[in-house]
Amino acid sequence: MRRQSSVASLLYAHLFPNPGPSDPPNFQTHLARDLIPEIRIETATFYGSLDSIEARYPGLNYCHGPHRMRLGRFPHHARLFAGIDDLRITDQEVMDLVRWEGTLWARQRFERDENIKVRDTTGDGIADWIDPRTQPIQKGLIRVQTHVEITEGRHPVDMLVDDCAREDNIDQALEQDLRDAQHDLDDDDEDDDADDDDDEDDVGENIQSIGHELNRRLLAAIAARQQGLNFEMDPEFEAYLKELVESGHLLATSRPVDGPMTHSDVLSPISDLTTVSVIPPAVSASTVTAVRRPTV
């Protein structure tokens with residue numbers, strides 16, 4: 001069906017129903033003042049430079065979706081595409097209308113006049129789209145990469161022998177460490193025994209020195225009493241005997257310790273008195289040391 005009015009007049013009436021003083025008077029003025037400048041801005045933005053033939057003849061197709069998206073970013077082209085859709089203008093009518101700078105019509109005329117095919121580089125580097133629904137489903141393959149190292153000059157038997165020898169060396173080292181540790185322990189025990197022997201010798205020497213001094217003082221006291229002098233026995237020795245009696249290590253006599261001595265006391269061997277008094281059989285060297293001992 002052929003329209004009664006031109007497509008350009010219908011679009012102008014739709015875009016400017018009530019044109020004002022600032023609005024263009026017709027569609028051709030609207031094209032030259034508003035649409036062509038937007039095409040030039042889009043071409044410079046997309047290609048960057050107009051040195052190539054493709055940039056001078058971009059071949060914008062107003063029926064192609066991607067081209068409509070590029071030009072639809074500008075306000076006047078957005079209103080133009082909306083009017084085309086509202087008026088249901090066909091693609092053939094659009095192609096007959098759109099015959100100006102930068103469109104597909106301008107490129108085709110240049111190619112026809114110059115006998116040159118303008119190559120479109122927009123899709124370079126982009127693979128052709130293939131509908132995945134038409135492709136057979138392929139299962140993913142599992143790839144296994146094996147890395148093998150071969151060591152020359154080593155037989156498995158030799159490697160096994162080396163491992164056994166290494167284990168034997170480890171066992172020998174452990175045994176040597178155990179022997180060294182046991183030797184160190186034995187040396188420590190011998191040192192401890194030597195220290196104990198030295199301590200016992202020191203205690204014996206102390207007891208012996210105390211006994212000699214005590215016997216000397218007791219002999220001096222007995223000699224003084226034999227001469228008729230009122231000479232007391234050693235006070236520290238008497239205190240020591242008293243402690244032994246009270247502790248039960250020595251039987252108490254009926255005569256006081258500090259009383260007068262009889263003839264039998266004088267005739268008794270002083271060594272026996274010293275032995276009984278100083279170190280009774282039931283008292284150890286540590287007990288004698290702990291008791292209040294005479295001053296050497």
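Here are the numbers for the structure shown:
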quantity	calculated
Karplus-derived HN-Hα couplings along segment 66-81 (A = 6.51, B = -1.76, C = 1.60, θ = phi - 60°), whole Hz, x at Gly and Pro	x, 5, 5, 5, 5, 7, x, 6, 9, x, 5, 5, 4, 5, 5, 5
Distance (nanometres) between label positions extended 7 Å along Cα→Cβ at Asn169 and Arg112	9.4
Kirkwood-based shape ratio for segment 7-121, expressed as Rg/Rh from alpha carbons	0.98
Using distinct alpha-carbon pairs, which all enter the 1/r mean, Kirkwood radius of segment 62-143 in Å	16.4
Label-point separation in nm, Asp120 to Val245, each point 7 Å along Cα→Cβ	14.0
Segment 1-84 - percent relative contact order, Cα under 8 Å, separation 6 or more	31
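Every read-out reported here was derived from the displayed coordinates using simple, explicitly stated rules and does not represent laboratory data. What you see is a predicted model, and the numbers here were worked out from it, not measured in a lab. Every residue, glycine among them, receives a Cβ derived from its backbone with ideal geometry; neighbour counts consider all protein chains shown.
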